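Below: one structure, written as structure tokens.
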Amino acid sequence: MYMRRFFSKVCSVMAGPRPVVFSGPSGAGKSTLLKKLLKEFDGVFGFSVSHTTRKPRPGEENGKDYHYVSREEMQAGIAKGDFIESAEFSGNIYGTSKAAVQAVQAQNLICILDIDMQGVKSIRKTNLNPIYVSIQPPSMDVLEKRLRARQTESEESLQKRLQVALIEMEFSKEAGQFDVVIVNDILDEAYEKLKAALLQEIQKVKNSTKV
Ligand SMILES: Nc1nc2c(ncn2[C@@H]2O[C@H](COP(=O)(O)OP(=O)(O)O)[C@@H](O)[C@H]2O)c(=O)[nH]1
Ligand SMILES: Nc1ncnc2c1ncn2[C@@H]1O[C@H](COP(=O)(O)OP(=O)(O)O)[C@@H](O)[C@H]1O
């Protein structure tokens, strides 16, 4: 009996906790929410640092927010098979490297991926088995206001993001795409819903570190 419990604990540690995929329109609040999680649950969650060909925004750090690379470097990495998935979004390439996910999972942390809907479709074909969380804005109007207030986009980039946002909002309504859909209206309320949705996985990590 004790042996069985022991082995099941060891196996669950070896398998590691389920990753969490965050997706949803640009400006919906994915970064804001996941940064809160990473801060409150230091030692539970780890961020999968994607590669991107877009330029860093003020305040973003290479290796922390993204690995900033040239289109040539990115394409070479993709051709070499370094990436689990990659996608073109609003004129730039983004991708999740195998190394990014492995770095988090090696620490037995819940790996957080922030990816667009193409990424979601690609990840579904892998054996990553994540929890899929969609973060949605309360409305297109609010989304536009938030994106403008963030002051990170040119008018052209903003318009591209709003166009894609409509498709991403529709995608989140398709049955079976997401385990949880959170409308990020009041930030604290959205965050509480997010924590409630991830509570079981958080508890698993906390229990496994007690071994
Ligand atoms: N498929 C995929 N999408 C990504 C990846 N990293 C970021 N994204 C998505 O790319 C989109 C643009 O990201 P970003 O330029 O940081 O803008 P923001 O979402 O407006 O902050 C967002 O939908 C991200 O979720 C990745 O590795 N793979
Ligand atoms: N619930 C909220 N209420 C008001 N502003 C928010 C809320 N959530 C996020 N924001 C702001 O909206 C902007 C977009 O959020 P961000 O986290 O960058 O979105 P995403 O990562 O999905 O692109 C940011 O300036 C952020 O501070």
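Distance between the C-alpha centers of segment 18-68 and segment 95-168? Whole Å please.
Comparing the Cα centres of segment 18-68 and segment 95-168, I get a distance of 9 Å.
List the residues, sorted by chain then number, that are 5 or more residues from Gly46 or on another chain and whose placed amide H is less than 5 Å from its amide H.
Ile110, Cys111, Ile112
If amide H atoms are built 1.01 Å from N in the plane of the peptide, which residues on other chains or at least 5 residues away come under 5 Å of the amide H of His67?
Residues meeting the amide H criterion: Ser50, His51, Thr52.
About the Cα centre, and with charges only on the beta carbon of Lys, Arg (+1) and Asp, Glu (-1), how big is the dipole of segment 20-209? Nearest 20 debye, please.
280 debye
Within segment 126-211, report the GluC sites (Glu not before Pro) that DSSP leaves as loop and that have at most 12 other Cβ atoms within 10 Å.
Glu174
Given contacts defined as C-alpha pairs under 8 Å and at least six residues apart, what's the relative contact order of segment 20-209, whole-number percent?
Relative contact order of segment 20-209: 31 percent.
Taking all protein chains as present, what is the carbon and sulfur share of the accessible area of segment 91-163, in % to the nearest whole number, probe 1.4 Å?
Solvent-exposed carbon and sulfur of segment 91-163 make up 48 percent of the total.
Counting heavy atoms of the protein chains only and a 1.4 Å probe, report the per residue accessible area for segment 20-209 as a whole number of Å².
With all protein chains present, segment 20-209 gives 51 Å² per residue.
Past the 29 Å Cα-Cα mark, which pairs from Lys80/Lys210; Lys35/Lys204; Lys30/Lys125; Lys55/Lys173?
Correct reply: Lys80/Lys210; Lys55/Lys173.
Provide the per-residue ³J(HN,Hα) series for segment 79-93, in order, calculated from phi with Karplus coefficients 6.51, -1.76, 1.60 and θ = phi - 60°, each as a whole number of Hz, with x at glycine and proline positions.
5, 6, x, 6, 10, 6, 7, 8, 7, 8, 9, 6, x, 10, 9
Scan around Gln136 for amide H atoms under 5 Å from its own, H built in the peptide plane at 1.01 Å from N, and keep only partners 5 or more places away or cross-chain.
Ile182, Val183, Asn184
What FRET efficiency comes out for the pair Lys195/Lys98, r = Cβ-Cβ distance, R0 = 35 Å, nearest 0.05?
About 0.75, to the nearest 0.05.
How far apart, in nm, are two points set 7 Å out from the Cα along the Cα-to-Cβ line at Arg57 and at Ser70?
If labels sit at Arg57 and Ser70, their model points lie 2.6 nm apart.
The values are calculated or read from the model by the stated rules, or taken from the named source; none is laboratory data. The structure displayed is predicted, hence computed values, not measured ones. Here the Cβ is made from the backbone with ideal geometry for all residues, glycine too, and neighbour counts use every protein chain on show. Just so you know, the surface numbers come from the protein's heavy atoms only, side chains and all, with ligands and any DNA or RNA stripped out. Shrake-Rupley method; radii C 1.70, N 1.55, O 1.52, S 1.80 Å.
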